[in-house]
Amino acid sequence: MKNIDGKQISNLIKDELKNEVKKLSQEGISITLAVIQVGEDPASTVYVSNKKKACEYIGIISKSYELPSNTSQTELLDLIKTLNLDKKINGILVQLPLPKHINEDEVIRAIEPKKDVDGFHPENVGLLSIGQKGFVSCTPAGVIQLLKRSNIEIEGKECVVIGRSNIVGKPMSMLMLRENATVTVCHSRTKNLKEVTKRADILIVALGIPKFITSEYIKEDAVIIDVGIHRGEDNKLCGDVNYDDVINKVSAITPVPGGVGPMTIAMLMNNCIESNAIQK
Ligand code: NAD
């Protein structure tokens, strides 16, 4: 195995979740996700539509709230309050980024933590850091599934995460720690990045620069997880890793597209279903 097939693994997970939803419906339980989009950012519209399609496939009810770009913060917070109290709503997702006049942190904090299926609320972030049950950010949770379902051992391995964002790098490092890896986190101020990344048995790259990581950064037979996603000048998608340059040196790698990307929505669907147990 060289390529870790995120598309295949995510399809498998979605089919498992579809079965779970079927079982729940036999017990008279339905799962509903509220999806809020403010404005008409084209990329957000594509993400929202993909999330709704995944809900439909799995059997999760999705309720759309498409608000105009001039929606005030108070109006958005009022909608979230209403959805927090609505017993029929299991998950609340606010598509980011929000228009500049709205404070994203305040919006995230307003979501009831037990409905925060994106796992961005400080309470869920805190639960992750103390190893207790809560919602976990979808992209890093997807990476763990990719590794486990590809039978890549994590325990005791040297793992280097490049990037310390709240959405990817930080939760990623907490999850690898939870899986008993020895974790190092690198960021834009890290000195001698190459020296650190060359130690990695598992290198997780989430730095947001196209094709930044070349073979000089990696050790022979390393496992490379490329979280980055960019549209290149040739209009093709690429990651933060220079795939062609590293492919002969790695033991396994997630391609872009078809690696980490498809896992994010699968894990969002997983969180929606978990919300039923979390809300009990
Ligand atoms: P971000 O810009 O918030 O964070 C980037 C991180 O990389 C920062 O912590 C920064 O310190 C670090 N960094 C930047 N330059 C560096 C350098 N030269 N050396 C070392 N570290 C450096 O980005 P993010 O939101 O974490 O996303 C990272 C990448 O993952 C982006 O390409 C993004 O598009 C992608 N992404 C993909 C998915 C998915 O579903 N596949 C989800 C979220 C993000």
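The values are calculated or read from the model by the stated rules, or taken from the named source; none is laboratory data. In this text the structure is predicted, and so the values were computed from the model without any measurement. Note: ideal-geometry Cβ built from the backbone for every residue, glycine included; neighbour counts use all protein chains shown. In case anyone asks, the SASA skips ligands and DNA or RNA and just uses the protein heavy atoms, side chains included. Shrake-Rupley method; radii C 1.70, N 1.55, O 1.52, S 1.80 Å.
So if I check each of GLU16, GLU56, GLU75, which one is open to solvent by 70 Å² or more (accessible area, probe 1.4 Å) and more than 22 Å from PHE135 (Cα to Cα)?
Result: GLU75 is the single residue among GLU16, GLU56, GLU75 that is open to solvent by 70 Å² or more (accessible area, probe 1.4 Å) and more than 22 Å from PHE135 (Cα to Cα).
Would you check which residues across the range 9-29 are without any contact (Cβ under 8 Å) to a residue 60 or more places away in the chain and touching a helix residue (DSSP H, G or I) at 6+ places or on another chain (Cβ under 7 Å) and list them?
LYS18
Assess whether ARG199 counts as being within 10 Å of the ligand (Cβ to nearest atom), surrounded by fewer than 21 Cβ atoms within 10 Å (Cβ to Cβ) and farther than 21 Å from LYS51 by Cα.
no
Could you please give the count of residues in the range 200-234 that are more than 20 Å from the chain's Cα centre (by Cα) and modelled with pLDDT of 95 or more?
Here the count works out to 14.
Determine, yes or no, whether SER188 is surrounded by fewer than 15 Cβ atoms within 10 Å (Cβ to Cβ), assigned by TED's automatic domain parsing to the domain that holds GLU155 and within 14 Å of the ligand (Cβ to nearest atom).
yes
Within 12 Å of the ligand (Cβ to nearest atom) and of a type in the set (Ser, Thr, Tyr), is that true of TYR217?
Here the answer is yes, as TYR217 does meet what is asked.
What residue, of ASN90, ASN70, ASN151, ASN166, is polar (S, T, N, Q) and on the phi > 0 side of the Ramachandran plot?
Going through ASN90, ASN70, ASN151, ASN166 in turn, just one is polar (S, T, N, Q) and on the phi > 0 side of the Ramachandran plot: ASN151.
When the residues of the range 249-280 are filtered to those that are surrounded by fewer than 23 Cβ atoms within 10 Å (Cβ to Cβ) and part of a loop (DSSP other than H, G, I, E, B), which remaining residue is farthest from the ligand (Cβ to nearest atom)?
The residue in question is LYS280.
For every residue, the table says whether it meets (1) touching a residue at least 60 places away in the same chain (Cβ under 8 Å); (2) of a type in the set (A, V, I, L, M); (3) crowded, with 24+ Cβ neighbours inside 10 Å.
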position: PRO210; (1), (2), (3): no, no, no
position: ILE224; (1), (2), (3): no, yes, yes
position: VAL227; (1), (2), (3): yes, yes, yes
position: ASN235; (1), (2), (3): no, no, no
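Filter the range 134-164 for residues that are more than 11 Å from the ligand (Cβ to nearest atom) and polar (S, T, N, Q); which is surrounded by the most Cβ atoms within 10 Å (Cβ to Cβ)?
Within the range 134-164, the match that is surrounded by the most Cβ atoms within 10 Å (Cβ to Cβ) is GLN145.
Quick check: is even one residue across the range 31-45 among the acidic types (Asp, Glu) and either in contact with a Gly (Cβ under 9 Å, 6 or more places away or on another chain) or in a helix (DSSP H, G or I) (or both)?
no
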